[in-house]
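Data first, discussion second: the structure below is written as structure tokens.
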Amino acid sequence: MAEFHQGAELRKELGAVSVSILGKAESGFFIAQVTDLRTGGINDLLTPGRNAKIAGGKIKVEGSDPSRGVYFVNAPDGAGQGGRGRHR
């Protein structure tokens, strides 16, 4: 199992991060690109333990429930159990 963690610098800067809710998202979200911020690779493998940038449209993560977020699922059909911030 690989775990993904933010580095000390990112954790330090989290206090300066803000989110603006501009309205209700319509259906039809999409992920256009995923970039591995360590290697610069686009839409390819992700480096375990490093960060990734997800770009797209109408992507919405809402609420304060810690189970909300991006999940990585190791299954060919997309089914199965994922974990927030970790790849199984």
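None of the figures in this text is laboratory data; all of them are computed from the coordinates on show. What you see is a predicted model, and the numbers here were worked out from it, not measured in a lab.
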Amide H contacts under 5 Å for Val70, restricted to residues at least 5 apart in sequence or on another chain and with H modeled in the peptide plane, are Gly85
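Can you give the extra length, in nm with one decimal, that the chain gains between His5 and Arg50 once fully stretched, where that is 0.36 nm per residue apart less the Cα-Cα distance? All intermediate terms of the calculation are to be shown ahead of the outcome.
On the way: separation 45, 0.36 × 45 = 16.20 nm, distance 0.63 nm.
Taking 0.36 nm per residue and subtracting the Cα distance, the gain is 15.6 nm.
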Extension reserve of the Tyr71-Gln33 stretch, reckoned as 0.36 nm per residue once the Cα distance is removed = 12.1 nm
For Asn51, list long-range residues whose amide hydrogen, built 1.01 Å from N in the peptide plane, is under 5 Å from its own amide hydrogen.
-> Leu37, Arg38
Extension gain (nm, one decimal) between Asn43 and Lys24, 0.36 nm per residue minus Cα-Cα = 4.1 nm
Run down the lysines and flag those whose C-alpha is under 22 Å from the C-alpha of Lys12, throwing out any fewer than 8 positions away in its chain.
-> Lys53
